[in-house]
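The values are calculated or read from the model by the stated rules, or taken from the named source; none is laboratory data. As the structure is a prediction and not an experimental result, all values here were calculated from the model. Using ideal geometry, Cβ is built from the backbone for each residue, glycine included, and neighbour counts are taken over all protein chains shown.
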Amino acid sequence: MKIRLIDVPIDLGAGRRGVDMGPSALRLAGIKEKISALGFSVEDDQDDIFVPIPEHGHVFNSQLKYLPEIQAACSHLAGRVELAKAEGTFPIVMGGDHSIAIGTIAGLSSWYRKQNKTLGVVWIDAHADMNTPETSPTGNIHGMPLAVNIGLGAEELINLHGAFRKINPDHVALIGIRDLDSEEKKNVRSKGIHAYTMADIDRMGIYTVIQDALQQLKDKVDVIHISFDVDGMDPAVAPGVGTPVAGGLRFRETHLIMETLAETGLVGSMEITEINPILDVKNQTAEVAVEMVCSALGKTIL
């Protein structure tokens, strides 16, 4: 299998600067070399995705901050992801804030629709990312991408790369959530997403949770995309994230999620988001994230 790395240096969707350096941090942590060591051929996407810095952008709508710039970047990304699939590669998209999932999943969904295949998503995150412009307390779009992908929110984003719903909510497993806005909770409860909070993980154990999630998805989807917001992990393990929340997934818990997903043989793409080197300690968070990517690609202990 050939892996294609796609860099998206964007922090326009976030409330603080720094996650635009996430792709560079992952490269410094040796993502290309460590994937190559697993026996994969690894290539870089040949079309850089340009993203302006916030100081050069414009906030026309305080409930959808930097919408034109994010829309343009995600539209470009969707095309690059769909092309990566068409050319027979496994795309790994490196962000950047989690708004990139709007572009990643739009491209994937478009491709799989043409193949008459059904896309499922395992979304690992401290946050549900299920806000809309009406429910968001900040207007930061990185809090909206899952909502957008199931058809809630701004039409400009919902219809990006095609006027169709990108994911059926019943085809999503949301794992590790522990920090949701009050109105956002209603969206999660009402839309049929398979959501597993950290309280669920404490009660059930991570192996039971990931097995339950896969049981919910396996007869409904043909392929799985992993959307990995690194703040899903506990800050003690991954301190360098844009919006850290205490009480998250531990190192081995996250590895087990990735290892179990790899065993299904259904994983066809992945993205890594919200690494903030400004807040990190000696690039620890990027190094941990690279280890999780390798597990998702099939690396095992023995």
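Observations, loosely collected:
- Taken as a whole, the structure places ILE175 among residues that are within 16 Å of the chain's Cα centre (by Cα), of a type in the set (A, V, I, L, M) and assigned to a strand (DSSP E or B).
- Applying the criterion of being farther than 29 Å from GLY15 by Cβ and not polar (S, T, N, Q) to the residues of the stretch 36-58, the residue that is surrounded by the fewest Cβ atoms within 10 Å (Cβ to Cβ) is GLY39.
- Filtering the stretch 216-267 to residues that are in contact with a Leu (Cβ under 6 Å, 6 or more places away or on another chain) and in a helix (DSSP H, G or I) leaves only GLY232.
- Subset tally (residues that are without any contact (Cβ under 8 Å) to a residue 24 or more places away in the chain and in contact with an Asp or Glu (Cβ under 9 Å, 6 or more places away or on another chain)) for the stretch 250-285: 1
- THR260 vs. criteria at pLDDT 95 or above, within 14 Å of the chain's Cα centre (by Cα) and among the hydroxyl-bearing types (Ser, Thr, Tyr): no
- Single residue of the stretch 184-207 satisfying the filter (under 15 Å from LEU146 (Cα atoms) and exposed (fewer than 15 other Cβ atoms within 10 Å of the Cβ)) that is modelled with the lowest pLDDT: GLY192
- Of the numbered criteria (1) part of a strand (DSSP E or B); (2) touching a Pro at 6+ places or on another chain (Cβ under 7 Å); (3) within 20 Å of ASP179 (Cα to Cα); (4) not hydroxyl-bearing (Ser, Thr, Tyr), the one TRP123 fails is (2).
- Total residues in the stretch 54-97, condition over 17 Å from ILE272 (Cβ atoms) and either part of a helix (DSSP H, G or I) or in contact with a Lys or Arg (Cβ under 9 Å, 6 or more places away or on another chain) (or both): 21
- Qualifying positions in the stretch 7-57 - without any contact (Cβ under 8 Å) to a residue 24 or more places away in the chain and hydroxyl-bearing (Ser, Thr, Tyr): SER36
- Within the stretch 253-283, the residues that satisfy the criterion of being among the acidic types (Asp, Glu) and either under 11 Å from VAL19 (Cα atoms) or surrounded by fewer than 24 Cβ atoms within 10 Å (Cβ to Cβ) (or both) are GLU253, GLU259, GLU263, GLU274, ASP280.
- Search result, residues across the stretch 193-232 that are farther than 24 Å from TRP111 by Cα and touching a Pro at 6+ places or on another chain (Cβ under 7 Å): ASP231
- Count of the stretch 195-215 residues which are in a helix (DSSP H, G or I), touching a strand residue (DSSP E or B) at 6+ places or on another chain (Cβ under 7 Å) and among the small types (Gly, Ala, Ser): 1
- Residue within the stretch 209-230 that is out of contact with any helix residue (DSSP H, G or I) (no Cβ under 8 Å at 6 or more places or on another chain), within 28 Å of LEU77 (Cβ to Cβ) and among the hydrophobic types (A, V, I, L, M, F, W, C) present: yes
- Condition check for GLU69: under 29 Å from ALA154 (Cβ atoms) and in contact with a Phe, Trp or Tyr (Cβ under 6 Å, 6 or more places away or on another chain): no
- The stretch 224-248: number of residues that are surrounded by fewer than 21 Cβ atoms within 10 Å (Cβ to Cβ), more than 17 Å from GLY18 (Cα to Cα) and not hydrophobic (A, V, I, L, M, F, W, C): 1
- Taking the numbered list (1) crowded, with 21+ Cβ neighbours inside 10 Å; (2) within 26 Å of PRO244 (Cα to Cα) in turn, SER109 passes all entries but (2).
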